[in-house]
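Colleague: Quick one: the structure is below, and I'll ask about it shortly.
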Amino acid sequence: MHAARAQVVAVGSALPERRLSNAELAARLDTSDEWIVSRTGIRERRVCEPGQGLITLAEPAARRCLEKAGVAADTLDGIIVATITGDMVMPATANLLQHRLGAARAWAFDLLNACNGFVAALANAATWIESGRAKRILVVGGDVMSSLIDWKDRNTCVLFGDGCGAVLVEAGSADGNGIIGFELHSDGGPASELCVPCSGSAMPPTAEALARGDHFLKQNGKMVFTHAVRRMAEVATSLMRTHGLGAADVDLVVPHQANLRIIEPTAERIGVPMSKVVVNLDRLGNTTAATIPLALADAEADGRLRPGSRVLLVAFGGGLTWGALYMKWGRG
Ligand code: ACO
């Protein structure tokens, strides 16, 4: 047992104003509301204005979270921002956020783990707190996927949206609420099945690369789909087994929101009814690292997430990377 347990005590969120409906996409592309809803469950998504960086969502999400927790930014020990669409490669968006919040004592870094980013960041924060090296960490999951998407590619553009969520993680009593366990995995073998080829040192942004559209997200949808269903169920089941948990020990499942056809079989395989599963992709689409904190914020707002709620997070994304985390929500 660790000396302290990492408690997740508050959540805040922020979304861009602009809603983009399936009907609007169907007016521009060879697609339809019926196709998108039946294949994914998505009805609309939010999108930033061109050039609107992640910090414009991360700051309000973080401020709302800190306000709900009743915590001043200058008491934070650290800030982790999980994202694949930070404002810039350097500096980290976490640094921009640290300055804007006035979190003068906090270290800050970004964590790159695609759709599993928030689970990985939360696991990271828990480890800092359990080790005694930090007492208060802000964990942000946010992405501006509209900046990575080829809006002419119907295979990908209908799936994604923009948004950001933040949670505050604090040291609490070792036998109280908080993060009880997590499990993280990765497999770089199929990395090229879901990637952004022109986004780093391997392919600098030359005029040729940009003309080819290599700066846009590419994916093998079917392959990603099959892996996501398999891996999300596998990791959730494994984590539950490790901690001797049955479906009755889970009040709420908060899965990564990529596709309703991924979420439903995952829930079925872990034996949890859909009534316990938070789904908001119909309104927000796949916001990558933001899906889970945004879903936590929705569940808290509608009263499903309360202090003491036993919550299972599960995610899968580019890398490939996947993970699950089990916690009791709130202070106490
Ligand atoms: N509108 C209409 N037709 C479309 C569209 C669209 N928006 N997109 C693709 N199609 C067409 C395809 O071109 C294909 O046409 P063809 O048969 O003439 O070649 C046809 O629809 C069927 O395509 P499929 O790939 O068989 O459709 P599928 O049922 O597999 O659904 C989807 C595609 C939704 C992309 C699915 O594979 C999926 O969700 N994959 C996971 C992708 C994902 O979530 N990625 C996010 C990052 S990873 C993560 O978050 C887990």
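Colleague: Between residues in the range 303-332 that are open to solvent by less than 20 Å² (accessible area, probe 1.4 Å) and within 16 Å of the ligand (Cβ to nearest atom) and residues that are of a type in the set (D, E, K, R) and assigned to a loop (DSSP other than H, G, I, E, B), which pairs lie under 6 Å by C-beta distance while being six or more apart or on different chains?
Modeller: Close Cβ pairs (under 6 Å, with a partner that is of a type in the set (D, E, K, R) and assigned to a loop (DSSP other than H, G, I, E, B)) amount to L320/D187.
Colleague: Among (1) farther than 27 Å from L294 by Cβ; (2) within 16 Å of the ligand (Cβ to nearest atom); (3) β-branched (V, I, T), which single condition is T206 missing?
Modeller: With respect to (1) farther than 27 Å from L294 by Cβ; (2) within 16 Å of the ligand (Cβ to nearest atom); (3) β-branched (V, I, T), T206 is out only on (2).
Colleague: Filter the range 155-174 down to residues that are over 20 Å from D298 (Cβ atoms) and either of a type in the set (A, V, I, L, M, F, W, C) or touching an Asp or Glu at 6+ places or on another chain (Cβ under 6 Å) (or both) and give me whichever is surrounded by the most Cβ atoms within 10 Å (Cβ to Cβ).
Modeller: V158
Colleague: Any chance you could count how many residues in the range 124-136 are touching an Asp or Glu at 6+ places or on another chain (Cβ under 6 Å) and of a type in the set (A, V, I, L, M)?
Modeller: Residues flagged as touching an Asp or Glu at 6+ places or on another chain (Cβ under 6 Å) and of a type in the set (A, V, I, L, M) within the range 124-136 amount to 1.
Residue-wise test of (1) within 19 Å of L122 (Cβ to Cβ); (2) over 21 Å from the mean Cα position of the chain (by Cα); (3) of a type in the set (K, R).
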{"residue": "K68", "(1), (2), (3)": "yes, no, yes"}
{"residue": "V71", "(1), (2), (3)": "yes, yes, no"}
{"residue": "T75", "(1), (2), (3)": "no, yes, no"}
{"residue": "I79", "(1), (2), (3)": "yes, no, no"}
{"residue": "T83", "(1), (2), (3)": "yes, no, no"}
{"residue": "H99", "(1), (2), (3)": "no, yes, no"}
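Colleague: Does the range 66-97 hold any residues that are of a type outside the set (V, I, T) and not in a loop (DSSP other than H, G, I, E, B), and which are they?
Modeller: Passing the criteria: L66, E67, K68, A69, A73, D74, G78, A82, A94, N95, L96, L97.
Colleague: Tell me, which strands (runs of 3 or more DSSP E) wholly within the range 98-196 include 1 or more residues that are within 16 Å of the ligand (Cβ to nearest atom) and either of a type in the set (S, T, N, Q) or in contact with a Gly (Cβ under 9 Å, 6 or more places away or on another chain) (or both)?
Modeller: 136-144, 162-173, 178-186
Colleague: Strands (runs of 3 or more DSSP E) wholly in the range 1-64 with at least 2 residues that are crowded, with 22+ Cβ neighbours inside 10 Å and polar (S, T, N, Q) - which ones?
Modeller: By residue number, 4-14.
Colleague: Would you point out the residue of the range 90-125, among those that are among the polar types (S, T, N, Q) and more than 15 Å from T291 (Cα to Cα), that is surrounded by the most Cβ atoms within 10 Å (Cβ to Cβ)?
Modeller: My answer is T93.
Colleague: So, in the range 237-268, exactly how many residues are part of a helix (DSSP H, G or I), buried (at least 21 other Cβ atoms within 10 Å of the Cβ) and within 14 Å of the ligand (Cβ to nearest atom)?
Modeller: Selection size over the range 237-268: 3.
Colleague: Mind checking whether some residue in the range 287-300 is open to solvent by 10 Å² or more (accessible area, probe 1.4 Å), more than 12 Å from the chain's Cα centre (by Cα), at pLDDT 95 or above and within 16 Å of the ligand (Cβ to nearest atom)?
Modeller: Within the range 287-300, not a single residue is open to solvent by 10 Å² or more (accessible area, probe 1.4 Å), more than 12 Å from the chain's Cα centre (by Cα), at pLDDT 95 or above and within 16 Å of the ligand (Cβ to nearest atom).
Colleague: Output the number of residues of the range 43-63 satisfying the condition of being more than 30 Å from A92 (Cβ to Cβ) and aliphatic (A, V, I, L, M).
Modeller: 0
Colleague: Kindly indicate the residue of the range 209-223 that is under 21 Å from S147 (Cα atoms) and aliphatic (A, V, I, L, M) and also nearest to the ligand (Cβ to nearest atom) among those meeting that condition.
Modeller: L217
Colleague: Could you say which residue among L29, L66, L54 is more than 13 Å from L159 (Cα to Cα) and within 13 Å of the ligand (Cβ to nearest atom)?
Modeller: The conditions single out L29.
The values are calculated or read from the model by the stated rules, or taken from the named source; none is laboratory data. Predicted model, so just to flag it, every value in this text is computed and none were measured. Neighbour counts are summed over all protein chains in view; Cβ atoms, including those assigned to glycine, are modelled from backbone coordinates with ideal geometry. Remember, those area values only see protein heavy atoms, side chains included, never the ligands or the DNA or RNA. Shrake-Rupley method; radii C 1.70, N 1.55, O 1.52, S 1.80 Å.
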